[in-house]
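A short worksheet on the structure shown next.
Bear in mind these aren't lab numbers, they're just calculated from the coordinates by the rules spelled out. These numbers were taken from a predicted model, which means no experiment stands behind them. Cβ coordinates were reconstructed from backbone atoms using ideal geometry, including for glycine residues, and neighbour counts include every protein chain displayed.
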Amino acid sequence: MSTETLTLTDNTTGNSSELNLLRGTLGNPTIEVKGIPGDLGYFTHDPSFGTTASCESDITFIDGDKGVLLYRGYPIEQLAENSDYLETAYLLIHGELPTGQEYKEFSTIIRRHTMINESLKSFFNGFNYNAHPMSMMMGVVGSLAAFYHEGLNMNDREHLMISAHRLISKLPTIAAACYKHSIGEPIVYPRNDLDYCENILHMMFSVPCEEYKVSPLAAKALNLLFILHADHEQNASTSTVRLVGSTGANPFACISAGIAALWGPAHGGANEAVLEMLAEIGSVDKIPKYLAKAKDKDDPFKLMGFGHRVYKNFDPRATLIRKVCYEVLEETGTDDPMFELAMKLEEAALADSYFVERKLYPNVDFYSGVIYKALGIPTSMFTVMFALARTSGWVSHWLEMMGDTSTRIGRPRQLYTGAPLRDYLSMEKR
Ligand code: CMC
């Protein structure tokens, strides 16, 4: 990183502040504003953090104008083509691709931590069968803190790493249990001879009374979707994990907070919302009506799976997912009218000046639901799948932050617009 200096002068008072202009490896130069409150007595105002770099990070880089996404410098397209989810998780956590031996060791560690404490299973009995799986995920993942808190030394890197491994290993077991609970089937134990994504499918779809064979196509598609969802720099859920983590909170509590942030339809919940939207639109002839609704400022309807805070050209993940959608539907022999409808909707939106002018393109969530649906994964589980994939990103950022000696508690300031100082009035005088 290189540093230059900028001077910010208040023309009214003549006071000034020397600001560092920081240049990272890639991406926009960043003005370090932390001296301004001391020098000038001002705060900076950036609601929704559109221009704020909240931390330094070595993990993921996005160039939103060029549609570039790099994990530790590797283009997402190359990882999607050549890697698998566990290798990508290792890369995100450790910064380098693993050697054969490192991969074997990592994979063994992840497999060995897949079981959950038996008493955790009883938590599910407290949930109604129709509880949303994301609500169960939030609760049950948070409750892991009850099992792994005593004896956890937050200053011991080895302890933090074990927590990260536990999270990557156990979340699929919990996710599958959420699904099994919702359909009234017995919880299925993990099988450590299977690979990461195969195991998820096994725990979701096998039953004790029949043999279940994992479809190689489903495992391959899941692997790819998981690689594409694994990290996305300082998005809302990752920033949440960092913010909660900056207080020194238990790692399972941090990830549970990340799951909560992911659930919203503006973030990971969009994949579920896309399928609901496509079902509501129903047929190609209704597209103009729904595009008009999306453009109407008085209508809360938005085109779900469209638009992105950072991507203003195309989302490279959406491009890869659209391609896989074709392959999955072709190989499963599914003639899904929703895929057809999604493609026509994309075509119509991209020809519409409202979407063109605002640089709104399909994002990662636009097509992922169509694939999940073709794999037999129910709509309510889509965001859970996203959470499983994103866990490796969350833990990588949490580990990075915990290892950074300059980390302080995250504590934004505000622009107060409320009542000025006033005196309390007794009730009879109001
Ligand atoms: N449909 C219609 N109009 C939209 C949409 C949309 N999906 N997205 C943005 N706009 C409009 C928005 O109303 C605004 O218009 P104007 O300039 O006239 O006020 C303009 O485009 C700029 O949008 P913005 O709201 O300032 O953008 P943002 O960066 O705050 O929000 C977003 C980004 C992803 C939350 C938003 O585009 C959105 O709600 N999209 C639909 C939900 C979605 O697909 N979310 C998944 C995001 S990708 C995966 C992930 O992050 O988890």
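Descriptive notes on the structure:
- Residue check for residue 113: free of Cβ contacts under 8 Å to residues at least 12 places away in the same chain and surrounded by 15 or more Cβ atoms within 10 Å (Cβ to Cβ): no
- Every residue from segment 319-338 that is within 24 Å of residue 264 (Cα to Cα) and touching a Leu at 6+ places or on another chain (Cβ under 9 Å): 320, 321, 338
- So residue 91, is it in contact with a strand residue (DSSP E or B) (Cβ under 8 Å, 6 or more places away or on another chain), more than 22 Å from residue 378 (Cα to Cα), surrounded by 14 or more Cβ atoms within 10 Å (Cβ to Cβ) and of a type outside the set (Gly, Ala, Ser): yes
- The criterion of at least 1 residues that are more than 26 Å from the chain's Cα centre (by Cα) is met, among strands (runs of 3 or more DSSP E) falling completely within segment 16-112, by 16-23, 30-32.
- Residue tally, condition surrounded by 10 or more Cβ atoms within 10 Å (Cβ to Cβ) and part of a loop (DSSP other than H, G, I, E, B), over segment 393-430: 5
- Answer from 201, 262 - the residue that is within 16 Å of the ligand (Cβ to nearest atom) and under 24 Å from the mean Cα position of the chain (by Cα): 262
- Cross-chain or 6+ apart pairs with Cβ under 8 Å, segment 166-180 first and under 16 Å from residue 192 (Cβ atoms), then among the small types (Gly, Ala, Ser): 168/89; 168/392; 171/387
- Qualifying residue in segment 198-208 (condition: under 17 Å from residue 378 (Cα atoms) and small (Gly, Ala, Ser)): yes
- Residue that is surrounded by the fewest Cβ atoms within 10 Å (Cβ to Cβ) [pool: residues in segment 351-367 that are more than 9 Å from the ligand (Cβ to nearest atom) and either in a loop (DSSP other than H, G, I, E, B) or polar (S, T, N, Q) (or both)]: 353
- The helices (runs of 4 or more DSSP H) falling completely within segment 160-276 that include 3 or more residues that are of a type outside the set (Lys, Arg) and closer than 30 Å to residue 63 by Cα map to 216-229, 236-245, 251-263.
- Each residue in segment 227-256 was checked for being within 20 Å of residue 309 (Cβ to Cβ) and either within 12 Å of the ligand (Cβ to nearest atom) or touching a helix residue (DSSP H, G or I) at 6+ places or on another chain (Cβ under 6 Å) (or both), and 15 of them qualify.
- Residue list for segment 297-326, filter: without any contact (Cβ under 8 Å) to a residue 60 or more places away in the chain and either away from the ligand (no atom under 16 Å from the Cβ) or not hydrophobic (A, V, I, L, M, F, W, C) (or both): 297, 298, 299, 300, 302, 307, 322, 323, 325, 326
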